[in-house]
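The values are calculated or read from the model by the stated rules, or taken from the named source; none is laboratory data. On a predicted model such as this, the values are computed, not experimentally measured, just so you know. No Cβ is skipped: glycine too gets one built from the backbone with ideal geometry, and neighbour counts run over all protein chains shown. Heads up: the accessible areas ignore ligands, DNA and RNA and are worked out on the full protein's heavy atoms, side chains in. Shrake-Rupley method; radii C 1.70, N 1.55, O 1.52, S 1.80 Å.
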Amino acid sequence: MKKGGQKIILHFISGIKSGGVEQFLSNYSLYMIKNGFTVYIIYQHEAHPKSLARLEQAGCICIRVANKRKHPFKNIVDSIKIIKKIQPDIVECHQDLANFFPLIAARISGSKIRIVHIHSSNTDVKVPKLVLALMKMLIVKNATNRVACSATAGKFVYGNLSFKIVPNAINTNEFRFDKQVREQLRATLKLENKFVIGHVGRLTRAKNHVRLFQIFQKIREKNLNAELVLIGGGELEKNLIALAQEMQLSEHIAFLGEKNNVEDYYSLMDMMIMPSLYEGGPITAIEGQANGLPMVLSTEVDPSVNILKTTKLYPLRSTDQQWAQEVENLNKIFNNRYESNMVMENTNFNIEYGKKNLYQYYQSLLD
């Protein structure tokens with residue numbers, strides 16, 4: 001039950017996994033809590049233990065409700081009960097096209113401020129265009145305020161309607177290049193004197209690892225020192241391990257899984273490749289650039305993350321050979337990774353700017 005003077009924000013997310021939404025909430029919530037907010041996170045699926053612990057360590061109160069796919073009615077009922085009990089000042093929903101579920105629950109519960117927050121610029125959900133349009137309409141009709149992580153993500157759901165962009169900001173200092181860590185990890189993983197290509201992200205269809213492997217294969221045709229390191233877990237892990245074997249790349253692709261110290265692994269890498277099928281504003285691209293890591297991203301990634309001169313957006317329609325050549329060209333550019341961190345400190349992707357801007361936005365809604 002809400003106490004006098006207390007400001008409460010309640011976030012709805014699909015599940016606590018190890019993706020960008022969880023990182024966003026971890027990065028921003030600590031500041032909100034220190035400045036007078038109580039932060040609740042309502043989730044559905046069984047939580048990823050490390051991600052759950054990280055959110056709770058930041059001070060978030062996490063509550064699980066029924067799965068909306070298996071029990072849609074119970075999901076809404078559970079959500080209504082929680083909202084009425086907690087009486088939040090703000091309800092913010094981070095479920096992309098499924099946002100209409102918690103938004104309807106919040107509207108029924110009488111919540112005055114209902115923020116819809118879009119984090120992706122497309123979807124893997126196979127639904128008819130009419131149903132897709134209905135989902136977007138329900139989102140817009142039941143939200144009082146519209147937010148997105150990037151222009152591309154916002155336009156995907158809101159079309160020509162106005163919305164606020166809240167970048168996926170990070171603590172840039174945490175991702176500063178560290179030569180000593182680089183040498184230690186390379187020795188541990190037996191990658192000394194190798195050209196290490198990296199990818200950080202969940203092993204899902206949107207990240208397009210199949211294309212990444214094909215591009216990597218072309219890179220190795222010219223550079224036998226090239227190795228590929230993957231950070232992250234996901235539902236496609238077994239399939240991708242099998243594909244690496246089929247392509248005879250198993251000895252040169254390291255599946256390292258999820259890491260609590262992912263910032264160290266950016267220092268390990270020489271290059272990052274992200275041939276994503278779609279992205280909103282990927283936090284990994286920001287983290288990598290804060291480390292000064294050169295990267296080639298697909299043009300399906302929101303262009304707002306193209307910040308450094310060593311970051312290139314490249315079209316998916318280009319051949320694997322052309323991607324490999326772009327990697328080779330980029331690798332020849334002189335790059336001071338320490339200076340890159342300083343550049344990133346002075347952007348909107350620095351959490352020091354982002355957290356204050358988001359706090360002021362919440363305050364403006366409450367005034």
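Details
- Assuming charge only on the beta carbon of Lys and Arg (+1) and of Asp and Glu (-1), the dipole of the chain about its Cα centre is about 1540 debye to the nearest 20.
- Of the GluC sites (Glu not before Pro) found in the stretch 228-261, those in coil by DSSP whose Cβ has at most 13 other Cβ atoms within 10 Å are Glu235.
- For the chain, the Kirkwood estimate of the hydrodynamic radius, built from every pair of different alpha carbons, is 21.4 Å.
- For the stretch 19-37 versus the stretch 196-251, the spacing of their alpha-carbon centroids is 32 Å.
- For the stretch 152-229, with +1 on Lys and Arg beta carbons and -1 on Asp and Glu, the positive-most of Thr172, Asn225, Phe213 along the dipole: Phe213
- More than 22 angstrom apart: percent of Cα pairs within the stretch 245-359: 39
- Rounded tilt (10° steps) of 237-246 against the dominant C-alpha axis of the chain: 20
- Calculated FRET value between Glu339 and Lys81, using beta carbons and R₀ = 56 Å, to 0.05: 0.60
- Cα→Cβ-extended label distance, 7 Å offset, between Val131 and Lys238, nm: 2.6
- Residue-span extension gain [Lys70 to Gln245] - 0.36 nm each, minus C-alpha spacing: 59.4 nm
- Calculated on the Cα set of the stretch 1-153, radius of gyration then Dmax: 14.8, 47 Å.
- On Cα atoms only, tilt of 72-86 relative to the major axis of the chain in degrees: 70
- Highest-MSF residue in the chain out of Asn208, Asn291, Asn168 [GNM, Cα springs under 10 Å]: Asn208
- Using a probe of 1.4 Å, the accessible surface attributed to Ser121 totals some 20 Å² when neighbouring protein chains are kept in position.
- Kirkwood-type radius of the stretch 4-89, with distances r between different C-alpha atoms, in Å: 13.2
- The orientation-averaged projected area of the convex hull spanned by the Cα atoms of the stretch 194-298 comes to 6.1 nm².
- Remark: spin-label model distance Gln360-Thr319 equals 5.1 nm, labels positioned 7 Å along the Cα→Cβ axis.
- Apolar share of the accessible surface for the stretch 1-126: 53 percent from carbon plus sulfur atoms, 1.4 Å probe.
- Mean Cα-pair separation over length for the chain, i.e. relative contact order, pairs under 8 Å, 6 or more apart, %: 15
- Among Val200, Val296, Val125, residue whose mean-square fluctuation peaks in a GNM of the chain (springs only between Cα atoms under 10 Å): Val125
- Mean separation of Cα contacts under 8 Å (6+ apart) over length of the stretch 1-158, as relative contact order %: 21
- Convex hull volume per residue for the stretch 71-208, taking Cα atoms only, in Å³: 187
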